[in-house]
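The values are calculated or read from the model by the stated rules, or taken from the named source; none is laboratory data. The shown structure was predicted, so the numbers you read here are calculated from the model rather than taken from an experiment. Methodologically, a virtual Cβ is constructed for each residue, glycine included, from the backbone with ideal geometry; neighbour enumeration extends over all protein chains shown. Side chains are part of the model used for accessible areas, which takes the heavy atoms of the whole protein and leaves out ligands, DNA and RNA. Shrake-Rupley method; radii C 1.70, N 1.55, O 1.52, S 1.80 Å.
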Amino acid sequence: CVVKEEKMEITREFIPFKRFTFGRKPIYTPHTEVTEENIVDILREAIPVFEQNASDCDYLYNYYNGKQPILARIKEIRPEICNTIVVNRAYEIVTFKTGRFLYKPIQYVNRNENTTEEVNALNSFMYAENKSGKDRELVDWMHICGHSYRMIVDAPLADMTPFHIYSVEPTNDFVVYSNRFDKKRLLGVYVTTRLDEEKNKVKTYTAYTDTMVYTIENYEVKSARPHILGDIPIVEYPANYARLGCFEMVIELLDAINLATSNRQDGLEQFIQALLVFKNIDLEEGDVSKLKQEGAICIPEGSDVDYLVHELNQSQTQTLVDDLYQAVLTICGMPNRPSGSNSLADRKSVV
């Protein structure tokens, strides 16, 4: 049985080109209310901002998954030794932040003795909806992208709960606010993509106000109908005022750690695969291959053969990596790791 190995080609779609992100931009409108007459104008102003935010979120999510710019590294000198090592500190930061934020499931408590039964019923509904798991998805998205979205819709009468809760990707949702001082939430939009008869992508915008739901395609209102939810069912959860992801402000440092680690591995391989230097020797064709096979060579008097080696100073490199990592921990507000400890429990004890 002969297995033919095919080298995987890295397409342009796969290569994570380096880019700079500076938080997500909130979407505002000068309108004080949304109607069928002005909703298209509001979307025309909001969609470019949403698409920029969605593109940034897509980049940050790929970075969190390990699809980082070091994978596109090109080495001009000795290109055959080119390691691309991802030290995924972004995943570590998000995992720590989410675990610390949701160390136990959120439950509702009553402030008035007369509401005990209602609060217990609400907790039962949340348990049936697996709200604790959806909270983790929500907080993960918030830490990765700087903001996240939750959608709440009414449920059929036959279901166990009167509503359903969904944590939706920030690449498919946006909320429009009033640009007045109150920053009132005016519109929540969910975006879906489908193929038309000619196989072209068509984006459908399902836009909710507190009383109406509109379906818009190609900046044309296809349908408008009232809903009974009583509020806009799409809610945005910003991580901070600038809507920065928890590792977004240290991406340059994380890239530097990846590069330093990759260069260390390159230095190790280049030391092992050091170049041979022949002094006062004229080699014939095939002599180098013969030397590799037999491991010995006869040289004339007055000649010399030696390896061209220069070992990388590992202690200095480790000092640089530790300094970069320390800066990451400081900026991200994470506890310092005790010397010689790798466990999360030890790190939590330092907080």
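So the values come out like this:
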quantity	calculated
Where residue 41 falls short, out of the listed (1) touching a residue at least 24 places away in the same chain (Cβ under 8 Å); (2) in contact with a strand residue (DSSP E or B) (Cβ under 9 Å, 6 or more places away or on another chain); (3) among the acidic types (Asp, Glu)	(1)
Lone qualifier among 104, 67 - being assigned to a loop (DSSP other than H, G, I, E, B), of a type outside the set (Val, Ile, Thr), open to solvent by 50 Å² or more (accessible area, probe 1.4 Å) and closer than 23 Å to residue 168 by Cβ	67
Residue 240 being modelled with pLDDT under 95 and closer than 30 Å to residue 79 by Cβ	no
Residue 97 vs. criteria under 29 Å from residue 21 (Cβ atoms), in contact with a helix residue (DSSP H, G or I) (Cβ under 6 Å, 6 or more places away or on another chain) and in contact (Cβ under 8 Å) with a residue 24 or more places away in the chain	yes
Check on residue 129, within 22 Å of residue 231 (Cβ to Cβ) and at pLDDT below 90	no
Filter result for residue 83 (among the polar types (S, T, N, Q), over 21 Å from residue 132 (Cβ atoms) and either touching a Pro at 6+ places or on another chain (Cβ under 8 Å) or open to solvent by 60 Å² or more (accessible area, probe 1.4 Å) (or both))	no
Positions within segment 230-242 being touching a helix residue (DSSP H, G or I) at 6+ places or on another chain (Cβ under 8 Å) and surrounded by fewer than 22 Cβ atoms within 10 Å (Cβ to Cβ), in sequence order	237, 238
Filter result (among the hydrophobic types (A, V, I, L, M, F, W, C) and surrounded by fewer than 16 Cβ atoms within 10 Å (Cβ to Cβ)) within segment 159-211	160, 163, 181, 195, 202
